[in-house]
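The values are calculated or read from the model by the stated rules, or taken from the named source; none is laboratory data. Owing to the predicted nature of the structure, the values given are computational and were not obtained by experimental measurement. For neighbour counting, all protein chains shown are included, and Cβ atoms are generated from backbone atoms with ideal geometry for every residue, glycine included. Please note that ligands, DNA and RNA were not included when accessible areas were found on the heavy atoms of the full protein model with its side chains. Shrake-Rupley method; radii C 1.70, N 1.55, O 1.52, S 1.80 Å.
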Amino acid sequence: HGTKEMTRAILESIAFGAKAIVDRVEEQLGYAKNTKEIKVDGGASKNDFMMELVAELTGKTILRMPSSDMSAIGVGLMAGIQANVWNNRDSLNPILLPNKIFKPISTMEEKRKLISRYQTWKKACKHFSGFYSRT
């Protein structure tokens, strides 16, 4: 019973961290507010529950890329273009398509509850921000 709640809390915390980063980027770079989609990769992106949370929290469409390590693939693709394996970047579009898309679909009531949990998380983070320096 407790393991399920702990797992959810951990996944929510990661999603809340992603929301905080998106908010900060939008705050610092005004043009980012117009961004409708976020491309994601990495190990955490493999978790559908978390990607759905990020979509709901940010109000943006989340595009999960086909590999969890798109940086390495990007380097390989650039090398392939340089070596004339591909003619140009446009020929790579099929390789760079997302393998799953997450869109915000919650009701206003569900969204309100999720944002309330996010606000509580932010307060907890602020409260414990100096935890290690106090011990």
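Could you give the length gained on full extension between Asn99 and Lys39, defined as 0.36 nm per residue of separation minus the Cα-Cα distance, in nm? Numbers along the way, then the final one.
Details: separation 60, 0.36 × 60 = 21.60 nm, distance 1.07 nm.
Gain on extension, Asn99 to Lys39, equals 20.5 nm.
In the list (1) 1.05; (2) 1.28; (3) 1.10, the label attached to Cα Rg over 2.2 N^0.38 Å as derived from the coordinates here is (2). Relative to the longest principal axis of the Cα atoms of the chain, helix 70-82 runs at roughly 20 degrees. Calculated accessible area for the chain comes out at 70 Å² per residue, all protein chains present (probe 1.4 Å; ligands, DNA, RNA ignored). For the chain, the longest principal axis of the alpha carbon atoms and the long axis of helix 2-28 meet at an angle near 70°. The share of accessible area on the chain that comes from carbon and sulfur is 58 percent, using a 1.4 angstrom probe.
Near Lys100, the amide H atoms lying under 5 Å from its own belong to Arg64; only residues 5 or more places off or on other chains count, and H is placed 1.01 Å from N.
Treating the beta-carbon of each Lys and Arg as +1 and of each Asp and Glu as -1, no other charges, what is the dipole magnitude of segment 1-65 about its Cα centre, to the nearest 20 debye?
Around 120 debye, computed over segment 1-65.
Computed over the chain, relative contact order equals 24 percent, with contacts defined as Cα pairs under 8 Å that lie 6+ residues apart. Given the C-alpha centroids of segment 85-132 and segment 49-80, what is the distance between them in whole angstrom? If we compute the Cα centre of each part, the gap is 10 Å.
Note on exposure: Lys111, Lys33 ranked by accessible area (1.4 Å probe, complete protein assembly) read Lys33, Lys111, with the most exposed listed first.
Going through the cross-link list Lys19/Lys111; Lys39/Lys60; Lys33/Lys100, which pairs have a Cα-Cα distance over 19 Å in this structure?
Working: Lys19/Lys111 13 Å; Lys39/Lys60 10 Å; Lys33/Lys100 23 Å.
The pairs that break the limit, which is 19 Å between Cα atoms, are Lys33/Lys100.
For Val25, Val40, Val75, give the ranking by accessible area with the largest first, probe 1.4 Å. Walk me through the numbers before you get to the answer.
Values: Val25 65, Val40 25, Val75 90 Å².
Putting Val25, Val40, Val75 in descending order of accessible area: Val75, Val25, Val40.
Once both labels are positioned 7 Å from their Cα atoms along Cα-to-Cβ, the gap between Ile21 and Arg112 label points is 3.1 nm. Please give the helix 48-58 orientation as an angle from the longest Cα principal axis of the chain, in degrees from 0 to 90, rounded to the nearest 10. Between helix and principal axis, roughly 80 degrees.
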